[in-house]
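One structure is given here, and the rest of the page talks about it.
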Amino acid sequence: MKIRIVRNIAFVAAMLVSAHSFGQDLLAEQAPMDRQMAMIDSVVLNRLINADSFEYPADDLYPEWSNEYAHKYTNAVIPDSLVIDLTGFCMPTENTKVNDIFGYRPRRRRMHYGLDVKVEIGDTIRAAFDGKVRFVSYQRRGYGNYLVIRHHNGLETLYAHLSKKLVEENTVVKAGDPIGLGGNTGRSTGSHLHFETRLLGKALDPALMFDFPNQDVTGDTYTYTKPKQKVYDPSDPDTYYKVRSGDTLSRIAVKKNTTVKQLCKLNGITTKTTLRVGQVLRLY
């Protein structure tokens, strides 16, 4: 009886060892499969992320994707600071001559929101970065044939006065892809490329990022910092002044702590210009 019990115990022990060994073998076989499945899941996830990125570039920054407007974002919140990746760029044109710069035009009393680069009609215009064409249109008294591309780095670039557009809305493009041909359409006095860089609709000086004379970017990155001073607003009394009865340039200059020369320069006038009551003058 005692011998039989010992044999039974030995048999159960052997079975337990065998089951444990079998379980270990199963775990050992399962581990590579688990790793392989994890790798597959990771690849699929990355593909989905990349596909979504190409579908809606900079989706985490922009409130929407729309083909209805060029650069109007009513619900946009511009960050206080943003590092914009400039690597992987392509110069929009091989031409190096800049005819007009970014900034206020006193003679025309309006802002110029981009750079005008001399091109010939038919010259190839290329996408500056990878991205997706968001807007394509024609503006008879403005941009002429033009288009807007949203890029993964958060920028939107605008190409205007084209003689021909080579891409359609929602087309995915790579940096360097031909997107249009140089031209003289719209409000233009000669064949050139009007090139803009915008962030959530806000115009940034392209010269801060693109060096056309040297056919290069200014660095690997550009850091946008929201200006502390107020944006020019005609209703802002610290920026603009509405002429009143009895005002002269010298009186306005003293009152607003500026100079007659500065007033003339900013407003495209001379010291002999007759001021009109209600006329709005830019101060700074």
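Brief remarks on what is shown
- Search result, residues across segment 102-141 that are among the small types (Gly, Ala, Ser) and surrounded by fewer than 16 Cβ atoms within 10 Å (Cβ to Cβ): 103, 122
- Lone qualifier among 166, 181 - being out of contact with any Lys or Arg (no Cβ under 9 Å at 6 or more places or on another chain) and more than 12 Å from residue 70 (Cβ to Cβ): 166
Rundown of residues vs (1) of a type in the set (Val, Ile, Thr); (2) at pLDDT 95 or above; (3) touching a Lys or Arg at 6+ places or on another chain (Cβ under 7 Å), yes/no style:
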| position | (1), (2), (3) |
| --- | --- |
| 78 | yes, no, yes |
| 91 | no, yes, no |
| 115 | no, yes, no |
| 122 | no, yes, no |
| 132 | no, yes, yes |
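- Selected residue (criterion: farthest from residue 194 (Cα to Cα)) from residues of segment 63-90 that are in contact with a strand residue (DSSP E or B) (Cβ under 7 Å, 6 or more places away or on another chain) and surrounded by 17 or more Cβ atoms within 10 Å (Cβ to Cβ): 82
- Segment 216-229 residues that are closer than 10 Å to residue 87 by Cβ, paired with ones that are exposed (fewer than 11 other Cβ atoms within 10 Å of the Cβ) (beta carbon under 9 Å, 6 or more apart): none
- Entry remark, segment 236-276: residues being under 21 Å from residue 110 (Cβ atoms), among the β-branched types (Val, Ile, Thr) and loosely packed, with under 13 Cβ neighbours inside 10 Å number 1 in total.
- Test: residue in segment 71-94 that is assigned by TED's automatic domain parsing to the domain that holds residue 158, closer than 24 Å to residue 139 by Cα and among the basic types (Lys, Arg): no
- Filter pass, residue 115 being among the hydrophobic types (A, V, I, L, M, F, W, C), within 16 Å of the chain's Cα centre (by Cα), outside the structural domain of residue 180 (by TED's automatic domain parsing) and closer than 24 Å to residue 136 by Cβ: no
- Restricting segment 224-235 to residues that are surrounded by 10 or more Cβ atoms within 10 Å (Cβ to Cβ) and at pLDDT 80 or above, the residue that is nearest to residue 115 (Cα to Cα): 224
- In segment 156-207, counting only strands (runs of 3 or more DSSP E) that sit wholly within it, the ones holding 3 or more residues that are assigned by TED's automatic domain parsing to the domain that holds residue 145 and buried (at least 21 other Cβ atoms within 10 Å of the Cβ) span 156-162, 192-199.
- Residue selected from segment 53-76 under the condition in a loop (DSSP other than H, G, I, E, B) and over 14 Å from the mean Cα position of the chain (by Cα), by the criterion modelled with the lowest pLDDT: 74
The values are calculated or read from the model by the stated rules, or taken from the named source; none is laboratory data. In this text the structure is predicted, and so the values were computed from the model without any measurement. Every residue, glycine among them, receives a Cβ derived from its backbone with ideal geometry; neighbour counts consider all protein chains shown.
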